[in-house]
1. So for the pair residue 47, residue 77, with labels modelled 7 Å out along Cα→Cβ, what separation do we get in nm?
2. Looking only at Cα atoms, what is the convex hull volume of the stretch 37-151 per residue, in Å³?
3. Hey, what did the stretch 80-151 get for relative contact order, percent, Cα under 8 Å, at least 6 apart?
4. If Lys and Arg each add +1 and Asp and Glu each add -1, what is the summed charge of the other residues whose beta carbon sits under 12 Å from the beta carbon of residue 136?
5. I need the shape label for the stretch 84-151. Rule: rounded when a/c is under 1.5, else prolate if a/b > b/c, else oblate, with a, b, c from the alpha carbon gyration tensor.
6. Using modelled amide H (1.01 Å from N, peptide plane; none on Pro or chain starts), what sits under 5 Å from the amide H of residue 131, excluding residues fewer than 5 places away?
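A short reminder: the numbers here are calculations on the coordinates, not readings from a lab. Computed from a predicted model, the values in this text were never measured in an experiment. Cβ sites come from the backbone with ideal geometry, for glycine too, and all protein chains shown count toward neighbours.
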Amino acid sequence: MTDNADTPRDAAGATVELLKGLIEVPQPEASLLLEAGYLYLEMGKPKEAADVFAGVAALLPHSDVPLVALGNLEFAQGHFQRALKHHQEALKLKPKSALAQAHVGEALLWLNKTADGVKALKKAIEMEPGGMPASFARALLEAHEAGTLAR
């Protein structure tokens, strides 16, 4: 994107990234929508959270993040197979998504598919060794190895 008079900016004047989907959506607005979904989840309103996440997924069909959010919603409700499905869809959309890969590993562990879960978590770490998804995957591996993930 070239920086010109039409370049979107935030209140402080900084350039705002536009996410391409059905329409161009400024990244802060997309983040705000996802945060609204997580807020609904924390308020015990999973239907509303699902509606928000599904709406963002439809608005930004090339983004893995709303699919990961849908998977996290299912996981939080104990629907581990459905969570895995959403996380695998996110990974299919963005094969290099360490975030989706880590959540695939998490769901597999909770589905008692230990070997596959450990493999997926190790792959997430390899994909982005210094990133937050790798930290999440490492924490899950450590908890698994310590035996603290018993269901």
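1. Here the modelled spin labels are 1.1 nm apart.
2. Spelled out: Cα convex hull of the stretch 37-151, divided by residues, is 95 Å³.
3. 26
4. Cβ neighbours under 12 Å give a net charge of -2.
5. oblate
6. Those qualifying (amide H under 5 Å, at least 5 residues apart or on another chain) number zero.
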